Amino acid sequence: MAMTQDRPVNLDLKTIRFPIMAISSIIHRVTGVIMFLGAFVVMALLGMSLQGEQGFQAALDAKSNPLVAFCLWGFVSVLGYHFIAGIKHLAMDLGHFETLESAPVAARFTLIAGAVVVVLSGVWVW
């Protein structure tokens with residue numbers, strides 16, 4: 001079986017442009033991984049805060065550390081985006097936002113709503 005020579009071959013990864021639906025979906029997957037890893041930090045802070053009054057104060061002191069506050073902001077941000085994208089995926093499972101016209105609109109809305117969640121979570125954490 002011979003291969004045809006008229007197949008498009010593009011090995012320059014800098015020229016490949018993903019559709020907005022793919023970008024939204026990839027970010028959804030990445031935020032899921034980040035949430036899994038960040039859950040350990042959040043659970044450690046929660047466990048520390050539940051050990052009593054001194055543990056609660058230690059957790060508050062840890063939150064005042066800029067690095068910990070940044071990690072919490074990141075965790076809340078990815079949690080918010082993942083939630084919004086998950087709602088979109090649930091709607092797609094029900095048959096909505098699957099056409100060529102509605103899918104990019106839903107992906108744009110997801111990215112814009114995710115950006116709003118990132119800003120609001122930054123205001124909330126700091």
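The values are calculated or read from the model by the stated rules, or taken from the named source; none is laboratory data. Values in this document were obtained by computation on a predicted structure and should not be read as measured data. Because the Cβ atoms are built from the backbone with ideal geometry, glycine has one as well, and the counts that use them run over all protein chains shown. In case anyone asks, the SASA skips ligands and DNA or RNA and just uses the protein heavy atoms, side chains included. Shrake-Rupley method; radii C 1.70, N 1.55, O 1.52, S 1.80 Å.
Listed values, structure above:
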quantity: Surface per residue (accessible, 1.4 Å probe) for the range 1-72, Å²; calculated: 84
quantity: Cα centre as origin, Lys/Arg/Asp/Glu Cβ charges: the chain dipole, Debye; calculated: 200
quantity: Between helix 102-125 and the chain: long-axis angle, C-alpha atoms, 0 to 90°, nearest 10; calculated: 20
quantity: Listed residues 102, 24, 77, most fluctuating in the chain (Gaussian network, C-alpha, under 10 Å); calculated: 102
quantity: Alpha-carbon centroids, the range 9-41 and the range 79-117: separation in whole Å; calculated: 15
